[in-house]
Amino acid sequence: MNKELKELLQVVAEGNNDLWNETVEAAEKLLKGGYPGHDLDILELEEQEVKTGFELEKALSHGSWYFQFVDLCPECKVYCTKRFTDGQCE
């Protein structure tokens, strides 16, 4: 991840902006990484040369992203591709 993209994601993840909550949550996942396909998501954003939060929001609203298929388990703090049952990983 290049420096500019990392800084942008950090600013967006703080949530003090006019972006959708989904964009803020996506920025958090992209910053944290660790899920299958993270490198491909980052590469795509770098290739699109996303420079602002609004450009990030527009880019994320188009296409399919790997971060969309994972959730952060609230208890074990790792990305799970399984469904949650009663707040825990299956």
Worksheet item: Among 16-25, 48-57, what's the highest-first ranking by average C-beta atoms within 10 angstrom per residue?
Response: 48-57, 16-25
Discussion item. For 41, 71, which order do you get if you count the other beta carbons within 10 Å of each Cβ and list the fewest first?
Written reply: 71, 41
Worksheet item: Under a point spin-label approximation (7 Å from Cα along Cα-to-Cβ), what is the residue 17-residue 55 distance to one decimal in nm?
Response: 1.2 nm
Fill in: Long-range amide H partners of residue 71 with built H, under 5 Å
80
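Every number in this text was worked out from the coordinates using simple rules, so none of it is lab data. Quick caveat, the model's predicted, so the values are computed rather than measured. So basically every Cβ, Gly included, is an ideal-geometry build from the backbone, and we count neighbours across all protein chains shown.
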